[in-house]
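Everything on this sheet refers to the single structure shown next.
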Amino acid sequence: MLSVETLARRIRKRLHDNDKITYDDDEILDCINCGIRFIRRLIANMRPALLMSEVEGVLPAGVKSITLENRPTKIICVLAGKPKKALEETELAFAIHERDTEDEPREFYLTGTQTINFFPTPNSPTEYVIRTVDDIDELAWEDKSPLNNEFDDFLVEYVSVRLSVGNEYDMTQESQMMSNIVAQIQKILMPPPAGIIVKGFWQ
């Protein structure tokens with residue numbers, strides 16, 4: 001979790017731009033924010049539990065929706081009932097009169113960016129757990145990266161590549177370097193299974 005100033009200093013060092021001649025602060029900050037979103041998307045796809053937030057509570061009987069405090073970019077799962085069961089995500093396809101059906105919830109659907117609706121509407125107090133990957137605000141100069149230090153290294157690499165290669169308009173080289181970053185992150189998030197040693201035998 002490096003500060004933005006530390007990240008910018010390391011990026012400028014890699015770009016040989018310590019005197020701020022080629023890139024201004026706004027360019028560096030914009031690219032840092034793009035890099036954080038890029039890396040978070042990779043993590044969300046490969047190991048969403050690393051970014052997961054959890055909200056739990058009890059829906060009163062007759063109440064069919066809750067509004068989350070934060071905007072989710074990914075809903076990992078919605079559990080409800082006692083014992084809690086995973087609900088299926090559904091499109092808003094059932095008829096209007098069916099939405100008022102009361103029973104134990106079996107499905108959920110999203111309306112807007114933050115409201116989770118349960119179907120059928122609970123007919124008794126119902127416990128729920130919602131696991132999400134939440135959206136984040138862009139960083140300012142006084143902030144710290146939301147990533148751990150190892151991923152901050154990839155962030156520095158990402159920004160350096162985007163700024164330097166983008167300046168030369170070499171999209172092929174940029175694509176290859178980005179693929180390399182993705183492969184390195186994938187190795188950390190999804191390591192190969194442990195090897196198995198099998199004893200040989202004589203026939």
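The values are calculated or read from the model by the stated rules, or taken from the named source; none is laboratory data. Since the model is a prediction, treat every value here as computed from it, not as a measurement. For neighbour counting, all protein chains shown are included, and Cβ atoms are generated from backbone atoms with ideal geometry for every residue, glycine included. Note: areas computed on protein heavy atoms with side chains; ligands, DNA, RNA excluded. Shrake-Rupley method; radii C 1.70, N 1.55, O 1.52, S 1.80 Å.
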Set GLY81, GLY62: member being crowded, with 16+ Cβ neighbours inside 10 Å and out of contact with any Gly (no Cβ under 9 Å at 6 or more places or on another chain): GLY81
Odd one out for PRO105 among (1) open to solvent by 40 Å² or more (accessible area, probe 1.4 Å); (2) over 30 Å from GLU150 (Cα atoms): (1)
ILE130 closer than 24 Å to ASN45 by Cβ and surrounded by fewer than 16 Cβ atoms within 10 Å (Cβ to Cβ): no
Filtered residues of region 126-143 (kept if aliphatic (A, V, I, L, M) and closer than 15 Å to GLN114 by Cβ): ILE130, VAL133, ILE136
Options LEU189, LEU110, LEU147, LEU155: the member that is at negative phi and in contact with a Ser or Thr (Cβ under 8 Å, 6 or more places away or on another chain): LEU155
Residue in region 53-60 that is out of contact with any Phe, Trp or Tyr (no Cβ under 6 Å at 6 or more places or on another chain) and within 16 Å of PHE154 (Cβ to Cβ) present: no
Members of region 104-152 found to be in contact with a helix residue (DSSP H, G or I) (Cβ under 8 Å, 6 or more places away or on another chain) and among the hydroxyl-bearing types (Ser, Thr, Tyr), listed by number: THR121, SER145
